[in-house]
Amino acid sequence: MEPIDVVYQVIVDPAANDRMADYLEFLARVSENAASKLLDELISDIESLNTSPFRNPVFDRPYLPLGKYRYKLSCKRYRIVYQVEGDTVYIDDIQDCRQDDDRNIV
């Protein structure tokens, strides 16, 4: 159970940030408005992890330690994969769900 009134620090792995920047750059070539909207929604979803990161499901994959990672879907097709250690949320990957899971970092 999640402690009440805990504010978690959220840290985004630089590699996950770079991948998301690549997605945004590609989208901005097609539509700057769509890229801006995607960025706003992603930031909002990432910031929401600072108050209740345990509300999202466990990210189970056979190659990962059971229960270590959780995920949050954002913008209908991006998966924010993170782990909680103490009062810190570490975002280890932001995945485009249209791609093959096995090709992603986590």
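Legend: ranking of residues Leu38, Leu66, Leu73 from fewest to most surrounding C-beta atoms inside 10 Å; resulting order Leu66, Leu73, Leu38. Distance between the 7 Å Cα→Cβ label points at Cys97 and Asn17: 2.6 nm. Counting only DSSP H runs of at least 4 residues, each contributing -39500 (n - 2.57), and dividing by the residue count of the chain, the helix-based mean residue ellipticity at 222 nm comes to -11000 deg cm²/dmol.
When only the Cβ of Lys, Arg, Asp and Glu is charged (+1, +1, -1, -1), the dipole of the range 9-99 relative to its Cα centre reaches about 440 debye. Taking the chain as a Gaussian network of alpha-carbon nodes connected by springs under 10 Å, the highest mean-square fluctuation of the residues Tyr78, Tyr90, Tyr63 belongs to Tyr63.
Maximal additional length on extending the Lys68-Val6 stretch stands at 20.4 nm, based on 0.36 nm per residue less the C-alpha distance. Could I have the simple spin-label model distance between Glu25 and Arg61, label points 7 Å from Cα toward Cβ, reported in nm to one decimal? With each label point 7 Å from Cα toward Cβ, the separation is 2.3 nm. Each Lys or Arg adds one and each Asp or Glu takes one away; over the other residues whose Cβ falls under 15 Å from the Cβ of Pro14, this sums to -4.
Only the coordinates and a few stated rules stand behind these numbers; no lab work does. What you are looking at is a predicted structure, and each value in this text was computed from that prediction instead of being measured. Note: ideal-geometry Cβ built from the backbone for every residue, glycine included; neighbour counts use all protein chains shown.
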